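Engineer: Once you've had a glance at the structure underneath, I'll fire off some questions.
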Amino acid sequence: MAVKKLKTKKSLLKRVKISRTGKVLRKKAGKSHLLSSKTSSRKRRLRKTTEIAGPYKKMVKRALPYGA
């Protein structure tokens, strides 16, 4: 009997990226609408990616078994 392959959580795959060093990167929230009330500096900060916090990293790695 063949070994069953693990399924990747596709919704999470679209939201995060795993870097070559193993960091789990995500985009910041709040950049999609209602931008006129936000300052330029705030919008500029929202452009950058950030690393996922420690407790969630283990959950993400389990949901993306092949490092996607």
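Engineer: Among all residue pairs at least 6 apart or on different chains, which show Cβ distances below 8 Å where the first residue, located in segment 43-60, is under 25 Å from HIS33 (Cβ atoms) and modelled with pLDDT of 90 or more and the second is in a helix (DSSP H, G or I) and not acidic (Asp, Glu)?
Structural biologist: That search, which allows pairs on different chains as well, returns ILE52/VAL60.
Engineer: Another question, then. Looking only at segment 15-64, how many residues end up being among the β-branched types (Val, Ile, Thr) and touching an Asp or Glu at 6+ places or on another chain (Cβ under 7 Å)?
Structural biologist: Residues that pass the stated criteria total 1.
Engineer: Considering segment 24-60 alone, what residues qualify as being of a type outside the set (A, V, I, L, M), within 18 Å of LYS9 (Cα to Cα) and in contact with a strand residue (DSSP E or B) (Cβ under 7 Å, 6 or more places away or on another chain)?
Structural biologist: ARG26, LYS27, LYS57
The values are calculated or read from the model by the stated rules, or taken from the named source; none is laboratory data. What you are looking at is a predicted structure, and each value in this text was computed from that prediction instead of being measured. Because the Cβ atoms are built from the backbone with ideal geometry, glycine has one as well, and the counts that use them run over all protein chains shown.
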